[in-house]
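Just so you know, all these numbers are worked out from the coordinates, no wet-lab data involved. Remember, predicted model here, so these are calculated numbers, not experimental data. Note that we place each Cβ from the backbone using ideal geometry, even for glycine, and neighbour counts take in every protein chain shown.
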Amino acid sequence: MIEATALKDQIAAFAAGMAKHAPPEVIASLGAELEKLAASQIAKGALPVGAIAPDFTLPDLHGVNVTLAKVLARGPAVVTFYRGGWCPFCDLQLRSYQSVLADIHACGAELIAISPQTPDFSLSDVEKKHLAFPVLSDVGNRVARIYGLVYKLSDVLQKLQTGFGNPIPKFNGDESWELPMPGTFVLDRTGRVVVAHVDPNYTVRLEPAAILGTLKEIA
């Protein structure tokens, strides 16, 4: 059953609350940085619909390797790249996808989430959010880079995230300050990209209903 409240509405409610409590100059800086990212057209370099998704092998939170080709051998896959558990919009997205996990499985598909966090922080995500799907660590953004999602945070965003109490280099285990654009790909069992949702605006995420609609079409 699809959740009663759409993901976009949950995100809008959170953003509205943040706008009320955060200093106006912080909100203005975040907005300006999002506009710069959008103007850079960085999302145009992401893996497009119709492409064959590059195979990968990444460790889960227990260090067990998960290979995309093996997942696809069992059926379609939903692969979602997220910034990290520190991101409230990623938190809402992962919880929202968890709420329809049974429906995804009913379509014969599997859901995989990937972030640049080290396995310890991925474990924290799973435990806090009660996630029952594979959460993989892409340390160094190796796979996200192949999928065309990686960008470096500007000096302004680095300072803002540090001020928010988000030591991203600590979470990711490197000093690159690189993150993936949030991207969700629905793959048929041949690995072909049926849906590619990539947006430099990290508050915009693919709705669970759209995922399920696609999976039912290709089942």
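How compact and how long is region 177-219, expressed as Rg and Dmax of its alpha-carbon atoms in Å?
For region 177-219, the Cα-based Rg and Dmax read 11.8, 39 Å.
Sorted by packing (mean other beta-carbon atoms within 10 Å per residue), highest first, where do 138-148, 165-175 land?
Put in order of decreasing packing, that is 138-148, 165-175.
Once the Cα atoms of helix 7-21 and of the chain are each reduced to a long axis, what angle between those two axes, in degrees from 0 to 90 to the nearest 10, is obtained?
10
What order do you get for 12-20, 51-59 when each peptide is scored by the mean count of other beta carbon atoms within 10 Å, highest first? Don't jump to the answer; show the numbers that get you there.
Values: 12-20: 12.1, 51-59: 15.8.
The packing order, highest mean first, is 51-59, 12-20.
How many angstrom separate the Cα center of region 50-115 from the Cα center of region 26-48?
24
Can you tell me the orientation of helix 88-99 relative to the chain, as the angle in degrees between its alpha-carbon axis and the longest Cα principal axis, to the nearest 10?
Orientation of helix 88-99: about 20 degrees from the principal axis.
For the chain, what does the convex hull of the Cα positions come to per residue, in cubic angstrom? Walk me through the intermediate numbers first.
Working: hull volume 24.6 nm³, N = 219.
Measuring per residue, one finds 112 Å³ for the Cα hull of the chain.
Quick one: how many lysine pairs in the chain have C-alpha atoms under 18 angstrom apart, if they're 8 or more apart or on different chains? Don't skip to the answer; put the middle values down first.
Working: 36/44; 36/152; 36/159; 44/152; 152/170; 159/170.
Taking the Cα cut-off of 18 Å, the pair count is 6.
Calculate for the chain the 222 nm mean residue ellipticity that helices alone would give, adding -39,500 (n - 2.57) per DSSP H run of length 4 or more and normalising by residue count, nearest 500 deg cm²/dmol.
-12500 deg cm²/dmol
List the relative contact order of region 4-102 as a percent without decimals, with contacts defined as Cα pairs under 8 Å and 6+ residues apart. Let's see the in-between values first.
Values: 29 pairs, mean separation 24.3, N = 99.
For region 4-102, the relative contact order is 25 percent.
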